[in-house]
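These notes concern the structure reproduced below.
The values are calculated or read from the model by the stated rules, or taken from the named source; none is laboratory data. As the structure is a computational prediction, the values presented were derived from the model and not from experiment. Here Cβ is always computed from backbone atoms with ideal geometry, including for glycine, and neighbour counts include all displayed protein chains. When the accessible area is computed, the model is the full protein with side chains, heavy atoms only, and any ligands, DNA or RNA have been set aside. Shrake-Rupley method; radii C 1.70, N 1.55, O 1.52, S 1.80 Å.
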Amino acid sequence: MQRIAVIPGSFDPVTLGHLDVIGRTCHLFDETHVLVVHNPAKSAMLPFADRVRLLEESIEEAGLNEVAASGGGKIVVASWSVGLLVDYVTEVGAQVLVKGIRSSNDVTYETPMAIVNRNLAGVETMMIVTDPAHTHVSSSLVRQVASLAGDVSPYVPPAVARFLK
Ligand code: PNS
């Protein structure tokens, strides 16, 4: 059986913390789908298509596609804008959702969603503790710094820093 994981998020924009989680997850599964999810409850800074493109560029620039080329797990960037997240998970035959955890706040936020996703479709959630170098990094912080014309390069992949400049 192919072991497939899905890492969902708004990726508005993708950060170095996200890349850390993607890079560590792709070694553990045959395929890792990084899924840009449209969240109607949030008004995004970046258009959906830019978020997908910046993820693709960032994964490529970080050399993560070479993991697949050297016999590791393949990374697929995809998007989902209609229906439940677990619908995508079951459609592609994935078994696991992966979430990055920076602090106990993230555990508190993620736990009810993990329970509901398991109730809905039997999908398990795996929580990966973010590298301590990135525990202070969030997309919302990046959006705030960027909106005030600050330097976001310590927090985001180079492709995102170039785009936001
Ligand atoms: O990067 P974000 O904004 O924290 O990502 C949130 C996301 C996309 C993971 C979350 O909003 C989500 O899981 N959306 C899917 C909607 C859904 O299926 N809800 C029902 C089960 S919780």
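A few notes on this one:
- Of the trypsin sites (Lys or Arg not before Pro) in segment 16-95, those whose Cβ has at most 15 other Cβ within 10 Å and which sit in DSSP loop: K42
- A straight Cα-to-Cα reach below 16 Å connects K99 with the aspartates and glutamates D12, D20, E31, E110, E124, D131, residues fewer than 8 places away in its own chain not being considered.
- Summed side-chain charge close to N117 - residues other than N117 whose Cβ falls under 13 Å, Lys, Arg +1, Asp, Glu -1: -1
- Scanning residues 5 or more positions from L97 or on other chains, those with amide H under 5 Å from its amide H are V6, E124, T125, M126, with H placed 1.01 Å from N in the peptide plane.
- Ranked order, E61, E110, E66 - accessible area, probe 1.4 Å, largest first: E66, E61, E110
- An oblate overall shape is assigned to segment 38-88, the ratio a/c of its alpha-carbon gyration tensor axes (a ≥ b ≥ c) being 1.5 or greater and a/b not exceeding b/c.
- With θ taken as phi - 60° and the Karplus curve 6.51 cos²θ - 1.76 cosθ + 1.60 applied, the whole-hertz 3J(HN,Hα) list for segment 81-98 is 10, 10, x, 6, 4, 5, 5, 5, 4, 6, 4, 8, x, 7, 10, 9, 9, 10 Hz, x standing for glycine and proline.
- Helix runs (DSSP H) in the chain reaching 24 Å along axis by Cα, Kyte-Doolittle at least -0.5: 104-121
- Across segment 4-164, the relative contact order, built from alpha-carbon pairs under 8 Å that are at least six residues apart, equals 32 percent.
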